[in-house]
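Here is the structure we will look at, set down as structure tokens.
Coordinate-derived values only; no laboratory data. All figures in this text were calculated on a predicted structure; none of them were measured in a lab. With ideal geometry, Cβ positions are generated from the backbone for all residues, glycine too; neighbour counts draw on all protein chains shown.
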Amino acid sequence: MKKSLVVLCLFMFALSATAQKKKRNAKALIEVDGVCMMCKKRIEKAALGMKGVKYAVWNVKTHELSVILDERKTSVKAIKEKVAGVGHDTKEVKATDTVYANLHPCCKYRNEEIRKDHEGEGK
């Protein structure tokens, strides 16, 4: 009885350790605010400049940043912080007003008029 209990405990421990293993090629989709091709370039450059990010493409139409990352070197949260650091909001991390204010006037995605001006881009 004791042996089976020990074996069961070891099995459960091994299973939990395997489930928490960080992936070398994890995929993630991150919603990022932006409106134009200048935004696209800035967002992708910020993400790709991070150690551990292997692929980053932002879709102007859907506002989704598709990334492949090495979770041993970076995290989705760190990518969101980096993107916000160059002026683009995510659902969880917002760009500071100072950084946002420094964006090119064409890229002021918080302004409804500018959003309307860019409707149809990226199709």
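General observations
- Shape call, region 22-117: gyration tensor on alpha carbons, a/c limit 1.5: prolate
- Entries in K22/K94; K45/K91; K41/K77; K73/K108; K51/K116 that, when Cα-Cα distance is taken, lie over 29 Å: K73/K108; K51/K116
- Rounded to the nearest 20 debye, dipole of region 78-120 from Cβ charges on Lys, Arg, Asp, Glu: 120
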